[in-house]
Amino acid sequence: MDVFFAYLLIATATPLFLWMERRTLAIMHIPVIIAMWVVFISNMNADFGILGDTIFMLAFTVNVFIAHMAIFHLFIVPFFKMMKKPKRIIQ
């Protein structure tokens, strides 16, 4: 559970990094983070059994997917666009 909590803290800061470049992705990320916090806090206060664990894992998986989409759009796509540009030789 401590690994999930550490990831939850990191994931909470993710929309701040995405806000300038990919605002729609950051907005799409916010409800998933809220759901993860709600399920995490409710899971700490009461045991909802398999349903609570399933909801938490679903929110966690969606959050990981969104984080990987963000990494792809922020770093991988610009890198390949930069590599496609013709190199100019400065004389």
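The values are calculated or read from the model by the stated rules, or taken from the named source; none is laboratory data. Because the structure is predicted, anything quoted here is derived from the model rather than measured. For neighbour counting, all protein chains shown are included, and Cβ atoms are generated from backbone atoms with ideal geometry for every residue, glycine included. Protein only, heavy atoms only, side chains kept; ligands, DNA and RNA dropped before computing areas. Shrake-Rupley method; radii C 1.70, N 1.55, O 1.52, S 1.80 Å.
Structure summary
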{"quantity": "Members of the range 14-27 found to be within 29 Å of Asp53 (Cβ to Cβ) and either surrounded by 16 or more Cβ atoms within 10 Å (Cβ to Cβ) or under 9 Å from the mean Cα position of the chain (by Cα) (or both), listed by number", "calculated": "Thr14, Pro15, Leu18, Leu25, Ala26"}
{"quantity": "One residue from Phe60, Phe72 being part of a helix (DSSP H, G or I), closer than 26 Å to Glu21 by Cα and open to solvent by 80 Å² or more (accessible area, probe 1.4 Å)", "calculated": "Phe72"}
{"quantity": "Answer from Phe56, Phe48, Phe65 - the residue that is out of contact with any strand residue (DSSP E or B) (no Cβ under 6 Å at 6 or more places or on another chain), under 17 Å from Ala6 (Cβ atoms) and not aliphatic (A, V, I, L, M)", "calculated": "Phe56"}
{"quantity": "Failed condition for Gly52, given (1) at pLDDT below 80; (2) in contact with a Leu (Cβ under 9 Å, 6 or more places away or on another chain); (3) small (Gly, Ala, Ser)", "calculated": "(2)"}
{"quantity": "Which numbered condition Ile30 misses (of (1) in contact (Cβ under 8 Å) with a residue 40 or more places away in the chain; (2) part of a helix (DSSP H, G or I))", "calculated": "(1)"}
